[in-house]
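The structure under discussion appears below in the form of structure tokens.
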Amino acid sequence: MDLSMDRNKLGDSGMKLVSVALRNPKCKILKLGLRDVGLTDSGVEDLVSALRTNLSLTELDLSENKLGDSGVKLVSAALRNPECKIQKLLLYNVGLRDSGAEDLAFALITNSSLTELDLGLNSLTDRSVPALRRLILTLPSLKWIGLHWNRFSPTGERELRSLQEPRPGLRVEL
């Protein structure tokens, strides 16, 4: 079952209600779309608590919300759960900076289900390249990572693109 609430005025208060539904053991949502719903890091707290009990979710789109590093760090904590089945995580244009990318990369290293990760249109720079390299090289399930429209230098972009060579089947989009 898929639930798309994209581009609604859900906000953090609406996320509280959605989280209550997600906590229901009978809730078997596989894909949850929360793109551009006015979510901030405080609303993500409710979502993350629901994700601890709802382990059916395989796709989560939080793009175009104002999560910032603190919100992404909360999502990262949920992804550390070995029972987490999220395969596709979309964090496009969420206000992520280098320190948040480092937290996310560290959390995802132990995740065995993630195959797609979109971190496009954030504020990532060359400072996050080592963490992203480590993530790409140690997460064998990862097939695609979107890093386009960030602030990498040509050298940083080259370094990230070069990771496709040792990982056949991996696409790094810059």
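The values are calculated or read from the model by the stated rules, or taken from the named source; none is laboratory data. Here the structure is a predicted model, which is why all the values come from computation and not from measurement. Cβ placement follows ideal geometry from the backbone for every residue including glycine, while neighbour counts extend to all protein chains displayed. Surface accessibility is based on the protein's heavy atoms, side chains included, excluding ligands, DNA and RNA. Shrake-Rupley method; radii C 1.70, N 1.55, O 1.52, S 1.80 Å.
In region 48-73, the qualifying residues are those that are among the hydrophobic types (A, V, I, L, M, F, W, C) and open to solvent by 10 Å² or more (accessible area, probe 1.4 Å), and the one that is nearest to D36 (Cα to Cα) is L51. What residue, among those in region 3-23 that are buried (at least 18 other Cβ atoms within 10 Å of the Cβ) and more than 19 Å from the chain's Cα centre (by Cα), is nearest to E64 (Cα to Cα)? Restricting to residues being buried (at least 18 other Cβ atoms within 10 Å of the Cβ) and more than 19 Å from the chain's Cα centre (by Cα), the top hit is L10.
Results for (1) modelled with pLDDT of 95 or more; (2) farther than 16 Å from K88 by Cβ; (3) acidic (D, E); (4) out of contact with any His (no Cβ under 9 Å at 6 or more places or on another chain), shown as yes or no for each residue.
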| site | (1), (2), (3), (4) |
| --- | --- |
| M1 | no, no, no, yes |
| I29 | no, no, no, yes |
| L34 | yes, no, no, yes |
| E45 | no, yes, yes, yes |
| A50 | no, yes, no, yes |
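Among the residues of region 121-174, those identified as within 22 Å of K85 (Cβ to Cβ), within 16 Å of the chain's Cα centre (by Cα) and in a helix (DSSP H, G or I) are L135, I136. Yes or no: region 2-11 includes at least one residue that is in contact with a helix residue (DSSP H, G or I) (Cβ under 6 Å, 6 or more places away or on another chain) and not in a strand (DSSP E or B). Among the residues of region 2-11, not one is in contact with a helix residue (DSSP H, G or I) (Cβ under 6 Å, 6 or more places away or on another chain) and not in a strand (DSSP E or B), which makes the answer no. Looking only at residues in region 121-150 that are surrounded by fewer than 19 Cβ atoms within 10 Å (Cβ to Cβ) and touching a strand residue (DSSP E or B) at 6+ places or on another chain (Cβ under 6 Å), the one that is farthest from G68 (Cα to Cα) is W144.
For region 74-115, the set of residues classified as open to solvent by 40 Å² or more (accessible area, probe 1.4 Å), part of a loop (DSSP other than H, G, I, E, B) and farther than 23 Å from H148 by Cβ consists of R80, N81, P82, E83, K85, T110, S112, listed by residue number.
Exactly one condition in (1) closer than 25 Å to N122 by Cα; (2) free of Cβ contacts under 8 Å to residues at least 12 places away in the same chain is false for L17; which is it? Of everything listed in (1) closer than 25 Å to N122 by Cα; (2) free of Cβ contacts under 8 Å to residues at least 12 places away in the same chain, L17 misses just condition (1).
Please verify whether R171 is without any contact (Cβ under 8 Å) to a residue 40 or more places away in the chain, touching a Phe, Trp or Tyr at 6+ places or on another chain (Cβ under 7 Å) and not small (G, A, S), treating the condition exactly as stated. Yes; evaluated as a whole, the condition is true for this residue.
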